[in-house]
Amino acid sequence: MEIQALGYLGFAVSDLDQWAAFAADELGLMVVKREDGKIDLRVDDYAWRIRLSEGAEDDMTLVGWEVADKAALSGLAERLRSSGVAVSEGSSEICADRMVAGLIQFEDPDGLACEAFFGPLQLTQKPFVSPRGATFKTGDQGLGHIVLSTRDKPGLVTFYEDILGFKLSDHINTEVVPGKVLNLSFYRCNGRHHSLALAPLPLPKRLIHFMLESTTIDDVGRAMYRVLENGRHLPFTLGRHSNDEMLSFYVLTPSGFELEYGWGGLAVDDDTWHVKTHNVNSAWGHKFQKPPRKEGAS
Ligand code: FE
């Protein structure tokens, strides 16, 4: 497959300032204020990994997948087109905006704006420095992972598995939230157990959660206590996932989707891996917690 890693994400958020403060002070990400008013978040040498734009959606509005080079990008574009997917070449303006050497744009069957790119700008002269001393695991495993809600899981499976080339790692059939049995499917494009998961849930937001993996267990503990001290809601408590072995907690972001802050995720060896099935979400923990009642709500 051409896609090698999750490269970048775009979020449209209703409160840029609150998001920037959450990202820097609580998560420990590096915040870069852009001249166009948007905000870039860094976790490594890449010039940016998450772009925050002002918008009422409070959802993910863009996903960028990284490929190796121009030839890989051309191969991917050709396969998308031959599968009936409309593909446009990124203009020099868009490439400059994304700080990449080349990109293509297309949509997944749910209408999510997707890009594939190569040649991302690296800022080794301005190294990533976390305001909270956190360090993140990226490299050949890419940014982390995203979990998409969909009303058309079979359509997305065809798109991501058969056309884009993601490999199925496993399924979890479980009540993630009490009373709702779900078939979750987890897909990889590198050694990270999954960069993408699909959940057949008719939620208003596309993004259920995104995951960032820290390099030390203490980063997870420190981040968890920072968000708790700031009164954030944890939709799932600290736990260890059954499939990717990620030790993590989930925090509700200012946009209402969740962030999984993890450590210790499984690295998959393609030569020995076989597809598995789990019937629990977690080996321990990850206890679901109902959101607090809003003030004034009856
Ligand atoms: Fe996750």
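Residues to consider are A72, A77, A23, A68; find the one that is under 27 Å from G191 (Cα atoms) and surrounded by fewer than 15 Cβ atoms within 10 Å (Cβ to Cβ).
A68
Condition first: surrounded by 22 or more Cβ atoms within 10 Å (Cβ to Cβ) and of a type in the set (K, R). Now tell me which residues in region 26-47 satisfy that.
Matches in region 26-47: R42 only.
Among what's in region 193-205 and is open to solvent by 10 Å² or more (accessible area, probe 1.4 Å) and in contact with an Asp or Glu (Cβ under 9 Å, 6 or more places away or on another chain), pick the residue that is farthest from the ligand (Cβ to nearest atom).
Looking at the filtered set, the residue picked out is P204.
Quick check: is even one residue across region 146-156 open to solvent by 50 Å² or more (accessible area, probe 1.4 Å), out of contact with any Leu (no Cβ under 7 Å at 6 or more places or on another chain) and part of a helix (DSSP H, G or I)?
The answer is yes, given that some residue of region 146-156 is open to solvent by 50 Å² or more (accessible area, probe 1.4 Å), out of contact with any Leu (no Cβ under 7 Å at 6 or more places or on another chain) and part of a helix (DSSP H, G or I).
Identify all residues within region 164-182 that are within 20 Å of the chain's Cα centre (by Cα), modelled with pLDDT of 95 or more and not hydroxyl-bearing (S, T, Y); write none if there are none.
Result: L164, G165, F166, K167, L168, D170, H171, I172.
Only one of these conditions is not met by D17: (1) over 30 Å from A223 (Cβ atoms); (2) part of a helix (DSSP H, G or I); (3) open to solvent by 10 Å² or more (accessible area, probe 1.4 Å); (4) not polar (S, T, N, Q). Which number is it?
(1)
So which residues in region 180-192 are within 16 Å of the ligand (Cβ to nearest atom) and exposed (fewer than 14 other Cβ atoms within 10 Å of the Cβ)?
N183
What number goes with the only condition from (1) modelled with pLDDT under 95; (2) within 13 Å of the ligand (Cβ to nearest atom) that F236 does not pass?
Answer for F236: the failing condition is (1).
Right, S242: of a type in the set (G, A, S) and within 18 Å of G28 (Cα to Cα) or not?
no
Scan region 222-231 for residues that are of a type outside the set (S, T, N, Q), farther than 11 Å from Y261 by Cβ and either outside any helix (DSSP H, G or I) or touching a Phe, Trp or Tyr at 6+ places or on another chain (Cβ under 8 Å) (or both) and jot them down.
Hit for region 222-231 is G231, nothing else.
Here is a yes/no grid of residues against (1) away from the ligand (no atom under 16 Å from the Cβ); (2) open to solvent by 20 Å² or more (accessible area, probe 1.4 Å); (3) charged (D, E, K, R):
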site: G119; (1), (2), (3): yes, yes, no
site: T124; (1), (2), (3): yes, yes, no
site: D162; (1), (2), (3): yes, yes, yes
site: P178; (1), (2), (3): yes, yes, no
site: L207; (1), (2), (3): no, no, no
site: M211; (1), (2), (3): no, no, no
site: T215; (1), (2), (3): yes, yes, no
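Considering L29, L62, L80, L41, which residue is more than 18 Å from the chain's Cα centre (by Cα) and either modelled with pLDDT of 95 or more or of a type outside the set (G, A, S) (or both)?
Exactly one of L29, L62, L80, L41 is more than 18 Å from the chain's Cα centre (by Cα) and either modelled with pLDDT of 95 or more or of a type outside the set (G, A, S) (or both), namely L80.
Six or more apart or on different chains, Cβ atoms under 7 Å: show the pairs whose first residue is in region 230-247 and farther than 17 Å from Q289 by Cβ and whose second is near the ligand (Cβ under 10 Å from one of its atoms) and at pLDDT below 95.
That search, which allows pairs on different chains as well, returns S242/N281.
Looking only at residues that are among the hydrophobic types (A, V, I, L, M, F, W, C) and open to solvent by 20 Å² or more (accessible area, probe 1.4 Å) in region 126-135, which one is farthest from the ligand (Cβ to nearest atom)?
That would be V129.
The values are calculated or read from the model by the stated rules, or taken from the named source; none is laboratory data. Every value quoted in this text rests on a predicted model; they were computed, and no experiment measured them. Glycine gets a Cβ as well: all are built from the backbone with ideal geometry, and neighbour counts include every protein chain shown. Ligands, DNA and RNA are excluded from the accessible area calculation, which covers all protein heavy atoms including side chains. Shrake-Rupley method; radii C 1.70, N 1.55, O 1.52, S 1.80 Å.
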